[in-house]
Every structure is written in structure tokens, then in C-alpha cells.
Amino acid sequence: MAINGDRLLWARARLKEANREEKQMATTADEVWQLLGELIASQKETDRRIQETERLLKEQIQKTDEQIRAVNKELGELGNRLGEFVEWQVARRR
């Protein structure tokens, strides 16, 4: 009887341990699903921020392009005025 009693005690202990492991696994699986949900939400927020950053960069690039065009136009006008001045100086010395 002692052998069967020992086996019974061992089986009960193992069953309790298995139940405990099963509960831990369920909790762990729930935590994993929760983390996955948080990750998905975080990824959506990251995507939204990236899109907003891209939009802001495009706006800034357009403003910079406009400024470059304005400066190029001003430089061209100054170049023309300088050319006119040089022509006037040459014509005056003749």
C-alpha cells in the first residue's frame, strides 16, 4: 500500500503543479494578447505621426523651393542691373 500511496501523493502533487502551470500559461497568453493589442495601437500611432511628419516636410520643401525661386529671381535682376551699369560705364568712357 505504501507504494500506491506514494504514487497517489506524487500524482496529486503533479496534478496541482500542472494546474498551476496551466493557469500561468493562460495568464501569459492573456498578457501576450494584451501586449499585441498595445503594439498594434502603438504602431497605428507611429504610422499617424510618420504621415504627419511627411506632410510637414512636404510643406517645408515647398516653402524652401519658393524662397529659392525668389532669391534666384532677385539675383537675376541684380545681374541685369550690374550688366546695365557696366554697359553705362563703358558707354560713358567712349
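Reachable lysines from residue 73, Cα under 26 Å, same-chain residues fewer than 8 places away excluded?
Hits, sequence-local ones excluded: 58, 63.
Over the chain, with every protein chain in place, what whole percent of the accessible area is carbon and sulfur at 1.4 Å, could you tell me?
Carbon plus sulfur share of accessible area: 57 percent.
With a 1.4 Å probe and all protein chains in place, put 69, 48 in order of accessible area, largest first.
69, 48
For segment 40-94, what does the accessible surface come to per residue with a 1.4 Å probe? Please give it in Å².
99
Residue separation times 0.36 nm, minus the C-alpha to C-alpha distance between residue 59 and residue 38: what's the value?
Result: 4.4 nm gained on full extension.
With 5 Å bins from zero, work out the P(r) of the chain over every alpha carbon pair and list the percent per bin.
Here the calculated profile for the chain is 3, 10, 6, 7, 6, 6, 6, 5, 6, 5, 5, 4, 4, 4, 4, 3, 3, 3, 2, 2, 2, 2, 1, 1, 1, 0, 0.
Determine the calculated [θ] at 222 nm for the chain from helices alone, applying -39500 (n - 2.57) to every DSSP H run no shorter than 4 residues and normalising by the residue count; nearest 500 deg cm²/dmol.
The per-residue figure over the chain is -37500 deg cm²/dmol.
Using a Gaussian network model of the chain whose springs link C-alpha atoms within less than 10 Å, name the residue from 57, 36, 15 with the highest mean-square fluctuation.
Looking only at 57, 36, 15, the largest GNM fluctuation is found for 15.
The values are calculated or read from the model by the stated rules, or taken from the named source; none is laboratory data. Only a predicted model underlies this, so the values are computations on that prediction, with no experimental measurement involved. When the accessible area is computed, the model is the full protein with side chains, heavy atoms only, and any ligands, DNA or RNA have been set aside. Shrake-Rupley method; radii C 1.70, N 1.55, O 1.52, S 1.80 Å.
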